[in-house]
1. Among the candidates ARG185, ARG180, single out the residue that is buried (at least 19 other Cβ atoms within 10 Å of the Cβ) and modelled with pLDDT under 90.
2. Consider VAL271 against the criteria (1) surrounded by 22 or more Cβ atoms within 10 Å (Cβ to Cβ); (2) modelled with pLDDT under 95: it satisfies all of them except one. Which criterion is unmet?
3. I need the full set of residues from the range 28-50 which are at pLDDT 95 or above and within 14 Å of ligand 1 (Cβ to nearest atom), in order please.
4. Need pairs with beta-carbon distance below 7 Å; first residue assigned by TED's automatic domain parsing to the domain that holds LEU191 and in contact (Cβ under 8 Å) with a residue 24 or more places away in the chain and within the range 50-65, second β-branched (Val, Ile, Thr) and within 7 Å of ligand 1 (Cβ to nearest atom); sequence gap 6+ or separate chains.
5. Looking at the range 210-258, what strands (runs of 3 or more DSSP E) fall wholly within it and have at least 3 residues that are within 16 Å of ligand 2 (Cβ to nearest atom) and under 19 Å from PHE61 (Cβ atoms)?
6. Mind checking which residues of the range 51-80 are within 12 Å of ligand 1 (Cβ to nearest atom) and in contact with a Pro (Cβ under 7 Å, 6 or more places away or on another chain)?
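The values are calculated or read from the model by the stated rules, or taken from the named source; none is laboratory data. Being a predicted model, the structure only gives us computed values, none of them experimental. Glycine also receives a Cβ, built like all others from the backbone with ideal geometry; neighbour counts cover every protein chain displayed.
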Amino acid sequence: MSPPTPTTPSDAAADAPVLRVEALTLAFGGVKALTEVSFSVQPGTITAVIGPNGAGKTSLFNTISGFYRPASGRVVFEGRDIASVPAPQRAKLGLARSFQNIALFRGMTVLDNIKLGRHAHLKTNVLEALFYAGRARREEAELRREIEERVIDFLEIDHIRHAPVAALPYGLQKRVEMARALAMRPKVLMLDEPVAGMNREETEDMARFILDVRREWGITVLMVEHDMGMVMDLSDHVVVLNFGQVIAQGTPAEVQADPEVVRAYLGSGDVGDLRRRLRGAGADASASAPLAEAA
Ligand SMILES: Nc1ncnc2c1ncn2[C@@H]1O[C@H](COP(=O)(O)OP(=O)(O)OP(=O)(O)O)[C@@H](O)[C@H]1O
Ligand SMILES: [Mg+2]
């Protein structure tokens, strides 16, 4: 299958991060959800943000995608400070996402939900609409349909395209949300807990889709995930948040070996999982255990 969006960066920009978060600070009243958070996402990589419950992961996603306005710091997308770009336009620029709590229209069909995602690209102002008529419009509609079909085919949801979302099991709903994000032709796909609540089979399916999104379509992935097996197996780069601050970042092997990361996870529900991974890393520090052993 050919990719719907050529997202391979130009040679000149090959080493430049596609997304950069610089000293991002976010507060809710007196509560600091993020403090001076900085990291970069290289194009074509899978980057994971991990951390205990309440660490600020979703707040970080909401700030990157423009739902929250930071007190200070910058979000730089493809070299451009996007502070003044509202959320829907950020999606249009190429930052699409899924939500920790699935945000689909439950009464609508799978296909209609996917089509809605594409509206981010279609919203035109009056002036644009005047010039954007006839053939160009038809071509755009045709291209859109083609992309939707590719996404449906890619995520293996053809059999449920006319099913109302509410009737679907949770794992499939998560997949539909990913389809909607992909139909927006993102450069960076942001996934907030893509496998939360999934059984092992659903988790392995989703892991395969995430790898294929990167490999076949060249899309950069930024995900928040609690499933350590998934994170350690898939990620090129891991950013660890605790109490709104970056306490470690590096390769999966590096962050697993970081004592501060282990400390942060003590007492959290993820610690058993992390310990299992650490035992695996102890046996062979260069490789993480296969996904099937995780969770
Ligand atoms: N809209 C909000 N208003 C007030 N406080 C908020 C809001 N959103 C998040 N917070 C607070 O910010 C902190 C970070 O929350 P956030 O949801 O970003 O954590 P998280 O790392 O995504 O956690 P989880 O793993 O449970 O999803 C928490 O203390 C939370 O209570
Ligand atoms: Mg969260």
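1. Only one candidate passes the filter, namely ARG185.
2. The number of the failed condition is (1).
3. ALA33, LEU34, THR35, VAL37, ALA48, VAL49, ILE50
4. LYS57/VAL224; THR58/VAL224; PHE61/VAL224
5. Numbers: elements: 220-224, 237-242, 245-250.
It comes to 220-224, 237-242.
6. THR63 - this is the single residue of the range 51-80 that is within 12 Å of ligand 1 (Cβ to nearest atom) and in contact with a Pro (Cβ under 7 Å, 6 or more places away or on another chain).
Table: residues versus (1) away from ligand 1 (no atom under 16 Å from the Cβ); (2) buried (at least 23 other Cβ atoms within 10 Å of the Cβ).
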| site | (1), (2) |
| --- | --- |
| GLU193 | no, no |
| ALA207 | yes, no |
| MET223 | no, yes |
| HIS226 | no, no |
| LEU241 | no, yes |
| GLY244 | no, yes |
| ALA253 | yes, no |
